[in-house]
C-alpha cells in the first residue's frame with residue numbers, strides 16, 4: 001500500500017475515503033483531513049470511474065455528459081473550494097489535476113477525456 005511505502009520514507013501519510021460523486025461525503029472527507037492534519041498542502045485530483053463511463057462522440061447524450069460533470073467537474077470545483085482559501089492565506093500550496101486512467105498510466109490516446117475535469 002502506498003501509505004506504508006511513504007511512511008518507510010519518513011513521509012507523513014494517511015488515507016481518507018469518499019465517493020467523489022457524493023459532494024456531501026467529499027466535503028466531510030476534507031473536513032476530516034483538515035481536523036486531523038491541520039491543512040492540505042497539495043491537492044491531487046484524479047478520479048477514475050472506469051472505461052464504461054466514456055462514450056463515443058457520436059453516442060454522446062446530455063445524460064452521458066451529466067455523468068461526467070457529476071464525476072469530474074463538480075467534485076473538482078468542490079475540492080478546490082475546500083483547499084484554495086487556506087493555500088492563499090498561507091501563500092503556498094499546489095493543486096494538480098489528472099483524469100481517468102491517465103492518472104495511473106500515461107496514455108496519450110485517451111487525452112481527450114481530460115477536458116471535462118480541468
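Taking first residues from the range 48-65 that are at negative phi and at pLDDT 75 or above and partners that are surrounded by 10 or more Cβ atoms within 10 Å (Cβ to Cβ) and in a loop (DSSP other than H, G, I, E, B), the Cβ contacts under 8 Å between residues at least 6 apart in sequence or on separate chains come to 61/55; 64/55. Looking only at residues of the range 98-111 that are part of a helix (DSSP H, G or I) and surrounded by 15 or more Cβ atoms within 10 Å (Cβ to Cβ), we find that the one that is modelled with the highest pLDDT is 101.
Selection of the range 61-77 for residues being crowded, with 16+ Cβ neighbours inside 10 Å and closer than 26 Å to residue 38 by Cβ yields 75, 76.
Set side by side, the residues 43, 84 differ, and just one is surrounded by fewer than 16 Cβ atoms within 10 Å (Cβ to Cβ), in contact with a strand residue (DSSP E or B) (Cβ under 8 Å, 6 or more places away or on another chain) and under 21 Å from residue 95 (Cβ atoms), which is 84.
Is it the case that some residue within the range 80-97 is touching a helix residue (DSSP H, G or I) at 6+ places or on another chain (Cβ under 6 Å) and modelled with pLDDT under 85? No: zero hits.
The values are calculated or read from the model by the stated rules, or taken from the named source; none is laboratory data. Please read these numbers as outputs of a predicted model, since none were measured by experiment. Every residue, glycine as well, gets a Cβ built from its backbone with ideal geometry; the counts of neighbours run over all protein chains shown.
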